[in-house]
Amino acid sequence: MRHILIIGIGAGNPEHVTIQAINALNKADVLFIPTKGAKNTELAEVRREICGRYVTRSDSRTVEFAVPVRQTEGRSYSGSVDDWHGSIAATYEELLLGELAEGQTGAFLVWGDPMLYDSTIRIVERVRARGHVAIDFDVVPGISSLQALCASHRIPLNLVGKPVEITTGRRLAESFPDKSETAVVMLDGEQAFHKIEDPDAAIYWGAYLGTPDEIVISGPLADVKEEILKARAEARERIGWIMDIYLLRKGADFDE
């Protein structure tokens, strides 16, 4: 039996790493680090920095691997994601069989929190279901981009006694503003907030949270949406990739 640790490492600041995560990193015989493309190269460097800073055992080692690219052309969203997860599961299986001996512990360092809009848990479960390698696993929570966003803007996530919806850009129009007073959008390649016309809506937007490139903008949505689009486009052009998240809320008061 091989043991897997799925460790949340925070939103980009190495100081987001919890004591529980540090202890878990030091239990691993092998630390798996994904590397591919400009974005993953920088994210991999943060993972390397975390390992260099916090891993103190001398006999562990790191193994870097390329993550398969999701193929979207001619496929439905759900179909392309399912195939992509299958490819990643096959990659994980190969890594575990080739790099991790029976009885050893391997760790996957997951950006943010493994339970929130991340598929590592699902993929590891898929590896186990394939039946080619016997594994069990534990999950260590991490600071998510949602938490980092609220901290950077110095706002509570929820209104008093009110629910919060966590959704994607593709589904934002289904809920905000008619069904949800607060919506957090974690995946939005199309900037769906730009289509929201509610005059009472406010936005708290952030990109590269926890990193030296962090950008945060907030205000009434109608007043700042163009500023966000411009800042987002300029940052993506300058850095070559972008990870952003935002919170929309009805009735936020920006009067000082």
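Here are the numbers for this structure:
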item	result
Qualifying position, being surrounded by 15 or more Cβ atoms within 10 Å (Cβ to Cβ), under 16 Å from the mean Cα position of the chain (by Cα) and in contact (Cβ under 8 Å) with a residue 24 or more places away in the chain, among 25, 43	43
Residue check for residue 228: among the β-branched types (Val, Ile, Thr) and in a loop (DSSP other than H, G, I, E, B)	no
Top-ranked residue in segment 236-248 [being modelled with pLDDT under 95 and either touching a strand residue (DSSP E or B) at 6+ places or on another chain (Cβ under 7 Å) or within 21 Å of residue 166 (Cα to Cα) (or both); ranked as surrounded by the fewest Cβ atoms within 10 Å (Cβ to Cβ)]	242
Flag if residue 58 is assigned to a helix (DSSP H, G or I), surrounded by fewer than 12 Cβ atoms within 10 Å (Cβ to Cβ) and out of contact with any strand residue (DSSP E or B) (no Cβ under 8 Å at 6 or more places or on another chain)	no
Single match in 64, 73 (criterion: among the acidic types (Asp, Glu), open to solvent by 60 Å² or more (accessible area, probe 1.4 Å) and part of a loop (DSSP other than H, G, I, E, B))	73
Output for segment 129-154, where each listed residue is more than 16 Å from residue 206 (Cβ to Cβ) and either surrounded by 15 or more Cβ atoms within 10 Å (Cβ to Cβ) or in contact (Cβ under 8 Å) with a residue 60 or more places away in the chain (or both)	133, 134, 135, 136, 137, 138, 139, 140, 141, 142
Qualifying positions in segment 99-110 - surrounded by fewer than 21 Cβ atoms within 10 Å (Cβ to Cβ) and either closer than 23 Å to residue 43 by Cβ or aromatic (Phe, Trp, Tyr) (or both)	99, 105
In segment 166-187, residue farthest from residue 250 (Cα to Cα) [restricted to those that are open to solvent by less than 60 Å² (accessible area, probe 1.4 Å) and in a loop (DSSP other than H, G, I, E, B)]	175
Residue within segment 212-223 that is assigned to a helix (DSSP H, G or I) and crowded, with 17+ Cβ neighbours inside 10 Å present	yes
Test result for residue 163, open to solvent by less than 10 Å² (accessible area, probe 1.4 Å), touching a Ser or Thr at 6+ places or on another chain (Cβ under 9 Å) and not polar (S, T, N, Q)	no
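Yes or no, residue by residue, for (1) charged (D, E, K, R); (2) touching a Lys or Arg at 6+ places or on another chain (Cβ under 6 Å); (3) in contact (Cβ under 8 Å) with a residue 40 or more places away in the chain; (4) part of a helix (DSSP H, G or I):
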| site | (1), (2), (3), (4) |
| --- | --- |
| 93 | yes, no, yes, yes |
| 97 | no, no, no, yes |
| 102 | yes, no, yes, no |
| 109 | no, yes, yes, no |
| 117 | no, no, yes, no |
| 127 | no, no, no, yes |
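The values are calculated or read from the model by the stated rules, or taken from the named source; none is laboratory data. The shown structure was predicted, so the numbers you read here are calculated from the model rather than taken from an experiment. Positions of Cβ are backbone-derived with ideal geometry, glycine not excepted, and every protein chain shown enters the neighbour counts. Note: areas computed on protein heavy atoms with side chains; ligands, DNA, RNA excluded. Shrake-Rupley method; radii C 1.70, N 1.55, O 1.52, S 1.80 Å.
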